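Trainee: The structure under discussion is supplied below as structure tokens; questions concerning it will follow.
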Amino acid sequence: MTAGEGGINFSIWGLRSTASELLLFESAESREPFQVITLDPEVNRTYYSWHVFVEGLPHGTCYAWRIEGPDDTRKSGFRFDRQKALVDPHARAVSDRLWDRRRARRPGDNSDSSIRGIVVAKDGYDWEGDRPLNRAPEQSIIYELHVGGFTRHPSSGVRYPGTFSGLIEKIPYLRELGVTDVELMPVMAFDEQDVPDSAAALGLRNYWGYSTHSFFSPHPGFCISPDQGTHVREFRDMVKALHRAGIRVILDVVLNHTAEGGADGPTINFKGLGNRGFYHLDSNDRRIYRDYTGCGNTVNCNFPIVTSFLIDCLEYWVREMHVDGFRFDLASVLARGQDGEPLQYAPMPWYIELSDVLGNTRLIAEAWDAGGLYQVGDFPGYRWAEWNGRYRDVIRRFVRGDRGLIGEVATRLSGSSDLYAPDGRLPINSINFVTCHDGFTLRDLVSYNVKHNEANGSNNRDGNNDNASWNYGAEGETNDPAIMSLRKRQAKNFMAVLLLSQGVPMILSGDEVFRTQRGNNNCYCQDNELSWFDWGLTEENREMLRFVTKMVAIRKRHPCLMRKKFLTGGRRNGGLPDVTWHGRRLNEPQWNDPGAQVLAYTLGAVGVAEDDLHIMLNMSDEFAEIELPWVSGRRWFRVVDTWQPSPADILEAPDQPVLTEYVYRAAPRSVVVFEGR
């Protein structure tokens, strides 16, 4: 849909389609169309595209399509159904006010309960000089958040909870925390009704948003007045405000599957427009959807028309909406050819990397899929960063107290050169994280031995069983002061290690205030206080918030933590080597000791204005006497010791105690950081 002089031009594609109708509705609440326009294939069709210009349509008019064509699903793979009302895949704004997923799954006309596009006025938005921010990736600190859940809790105090506008009101908090990028969980329009029947029976709905149906439209549920088609303006207002605060916007995008599910799923758009081209289908029986996503269908990303559609979508969000980057959910699907097999030079990832429009855009892959393809360290392309699942797994185990991991821990702390150096990539290709939306929160990671997902309605069968977590003596919440003290210290240890690592750190929203989901590690359907950010925790757990904020500040003032190139042990400008590894004794790291739980290392300053760093990680349950190096003309000042009670756990000058001896007694399960000046 494109607004022109005196009217609206409507256009939609339909592979091998034979007839089409455009349905016009007066408003989002109208169940019956006020006009049905039957398109003439001789006049209104060009190749596989249908188009018609309608004069005088007012802003806010809603529309849908009916498309007719072959429906011999088993042989051809097409699923045309002239009774189904389809939403325009290119719609810039959509309404789901009357949407009924169950109706769309059953045979028959659903035009009175379909998702619809909204006619929006010709673009005249004033960006006031805004442009996507171009910041060096190594300087990034990413904060993953859910737009709705960030302000939906009653404690948020915003005017419009759960909206793009609500997020704008919380920008001062993000600035004070010090993060540089927000990674927004899906904001493209998604189906909130896409949950299993067992969850729907409990009144649950799709909260996370990994169920996209309209790739060009912001989600109406995050808008103040979606029925008026304000989606684009409201989203742009949020981006512009974040950019003014110096914060980049990364979108979590779901190009691997859609809300239409498998053979028993609803017809929303793609099934009724080009099912055979858009989805991976079984070659012997095209009624069967190949499912590499665990969500019922898999987008055929490397089919030419689909590739063009998805690239056009990404470029639109950069060019017209000014976003700064994308995180691609189950990105390994993008590397599968039309037969479903992995391609060494898959077109889709390379087209994204080489696009001029996306040239300065941050690209982040979740480099695996549910079909068993795991590409961490091997995702196609050079500019792509990856969620480093190897980092997450080993750091969880190390901080938990698992033995004999020192060598791999050092590799992960220094940017995972084993994964990225061989083909010329850099530490910035590694997105380091300990927790994310998918799994335990940081508090639950140190509070539960096993998941507790009973509230999801699947008898605790959903979610990951392998969490590398530990409850430290009691499952879940406890009043035991010793256990709670240890849990908080371990949470600080995780945050400290994350922010002291080379590569790009990502923090899960709420971890900085020690938020719990009560052991639920798959809150995809929990649009309630179990998932929402409780702003009362900023006061209740202000000790944790203070620690994280100051750790972020430490990272920002130390370029030696944000190196562009991998550590080599070499010297620069006459200073200390970029890294020197130690154990309890200097220059004696316990690489091959199966019982080792202690690692120390020294990072040389990048420039004369920076202090050297010496870092001690003692994940044993005993005190450890750890040596520090002597550096001519410098003294060591203790900046961090997670064993110490707040505020002594992290200190600023001039309150930092100076070491009088070159050995430090590191407490059990603690991280200690010294600055040398």
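Trainee: Classify the stretch 545-598 as rounded, prolate or oblate from the Cα gyration tensor: take a ≥ b ≥ c as the square roots of its eigenvalues, call it rounded if a/c is under 1.5, otherwise prolate when a/b beats b/c and oblate if not.
Mentor: The shape class here is oblate.
Trainee: Shifting gears a bit: Quick one: dipole size for the chain, taken about the Cα centre, charges +1 on Lys/Arg Cβ and -1 on Asp/Glu Cβ, in debye to the nearest 20. Present the calculation step by step, with values, prior to reporting the outcome.
Mentor: Values: 76 positive and 90 negative charges, 233 e Å.
Taking the Cα centre of the chain as origin, the dipole is about 1120 debye.
Trainee: Applying a 10 Å radius around every beta-carbon, put 319-327, 165-173, 113-121 in order of their mean neighbour count, most first.
Mentor: By packing density, highest mean first, the sequence is 113-121, 319-327, 165-173.
Trainee: Select from Leu613, Phe278, Phe326 the residue farthest towards the positive end of the dipole of the chain; place +1 on Cβ of Lys and Arg, -1 on Cβ of Asp and Glu, and compute about the Cα centre.
Mentor: Value: Leu613.
Trainee: Setting aside same-chain residues fewer than 8 positions from Lys556, which lysines have a Cα under 25 Å from its Cα?
Mentor: Straight-distance partners of Lys556: Lys170, Lys240, Lys488, Lys492, Lys564, Lys565.
Trainee: For a protection proxy built on the mean count of beta-carbon atoms within 10 angstrom, sort 35-47, 249-261 highest first, please.
Mentor: 249-261, 35-47
Trainee: Taking a label point 7 Å from the Cα of Asp197 along the Cα→Cβ vector, which residues of the stretch 437-476 have an amide N closer than 17 Å to it?
Mentor: Residues passing the 17 Å test: 457-459.
Trainee: Next question, about the same structure. Just the Kirkwood number for the stretch 2-118, please: inverse of mean 1/r across all distinct Cα pairs, in Å, one decimal.
Mentor: 14.6 Å
Trainee: For the chain, what's the radius of gyration and Dmax over Cα atoms, in angstrom?
Mentor: Here Rg and the maximum Cα pair distance are 26.6, 89 Å.
Trainee: Further question: Quote the charge dipole size of the stretch 103-146 about the Cα centre in Debye, to the nearest 20; the model charges only the Cβ of Lys and Arg (+1) and of Asp and Glu (-1). Before the final figure, lay out the partial values.
Mentor: Details: 7 positive and 8 negative charges, 81 e Å.
Using only the charged Cβ atoms, the result is roughly 380 debye.
Trainee: What percent do you get for the relative contact order of the chain when only Cα pairs under 8 Å and 6+ apart count?
Mentor: Contact order relative to length: 11 percent.
Trainee: Mind listing the long-range amide H neighbours of Arg362? Cut-off is under 5 Å, sequence gap 5 or more, other chains count too, H placed in the peptide plane at 1.01 Å from N.
Mentor: Answer set, sorted by chain and number: Gly325, Phe326.
Trainee: Could you check the simple spin-label distance between Asn479 and Lys565, using points 7 Å along Cα→Cβ, in nm with one decimal?
Mentor: Once both label points are built, they end up 5.9 nm from each other.
Trainee: Another question, then. Kirkwood Rh, Cα Rg: Rg to Rh for the stretch 394-523?
Mentor: On the way: Rg = 15.6 Å, Rh = 15.6 Å.
Computed over Cα atoms, the ratio is 1.00.
Trainee: What share of the DSSP beta bridges in the chain is antiparallel, in percent to the nearest 5?
Mentor: Numbers: 63 of 88 bridges.
If we restrict to bridges inside the chain, about 70 percent are antiparallel.
Trainee: How large is Rg over Rh for the stretch 233-368, taking Rg from the Cα atoms and Rh as the Kirkwood inverse mean of 1/r across Cα pairs?
Mentor: Here Rg/Rh amounts to 1.01.
Trainee: At q = 0.16, 0.25, 0.26 Å⁻¹, what log₁₀ I(q)/I(0) does a Debye calculation on the Cα points of the stretch 312-380 give, no solvent, two decimals?
Mentor: -0.55, -1.11, -1.16
Trainee: Go ahead and estimate [θ] at 222 nm for the chain from helices alone: -39,500 (n - 2.57) per DSSP H run with n ≥ 4, summed, over the residue count, rounded to 500.
Mentor: On the way: 17 runs with 143 residues, N = 677.
Calculated from helices alone, the mean residue ellipticity at 222 nm is -6000 deg cm²/dmol.
Trainee: May I ask for the angle, rounded to the nearest 10°, between helix 389-400 and the longest principal axis of the chain, with both axes built from Cα atoms and the value confined to 0 to 90°?
Mentor: 40 degrees
Trainee: Suppose a student asked you for the relative contact order of the stretch 507-662, using Cα pairs under 8 Å spaced at least 6 residues apart; what percent would you report?
Mentor: Relative CO of the stretch 507-662 lands at 15 percent.
Trainee: Angle between the Cα long axis of helix 542-556 and the longest principal axis of the chain, 0 to 90 degrees, nearest 10?
Mentor: With both axes taken from Cα atoms, the answer is about 90 degrees.
Trainee: Checking the cross-link filter: which lysines have an alpha carbon closer than 18 Å to that of Lys75, excluding same-chain neighbours under 8 positions apart?
Mentor: Lys271
Trainee: Please state the charge dipole magnitude for the stretch 2-118, taken about the Cα centre, from unit charges on C-beta atoms (+1 on K and R, -1 on D and E), reported in debye and rounded to the nearest 20.
Mentor: The dipole of the stretch 2-118 has a size of about 740 debye.
Trainee: For the chain, find the longest principal axis of its Cα atoms and tell me its angle to the long axis of helix 231-244, 0 to 90°, nearest 10.
Mentor: 20 degrees
Trainee: What is the stretch 2-118's relative contact order, in percent, from Cα pairs under 8 angstrom and six or more apart in sequence?
Mentor: 26 percent
Trainee: While we're looking at this one, here's another question. Could you sort 594-605, 440-451 so that the peptide with the highest average Cβ count within 10 Å comes first and the rest follow in order?
Mentor: On the way: 594-605: 20.5, 440-451: 23.5.
The peptides rank, most packed first, as 440-451, 594-605.
Computed from the coordinates by the stated procedures, all read-outs in this text should not be read as laboratory data. The shown structure was predicted, so the numbers you read here are calculated from the model rather than taken from an experiment. Cβ coordinates were reconstructed from backbone atoms using ideal geometry, including for glycine residues, and neighbour counts include every protein chain displayed.
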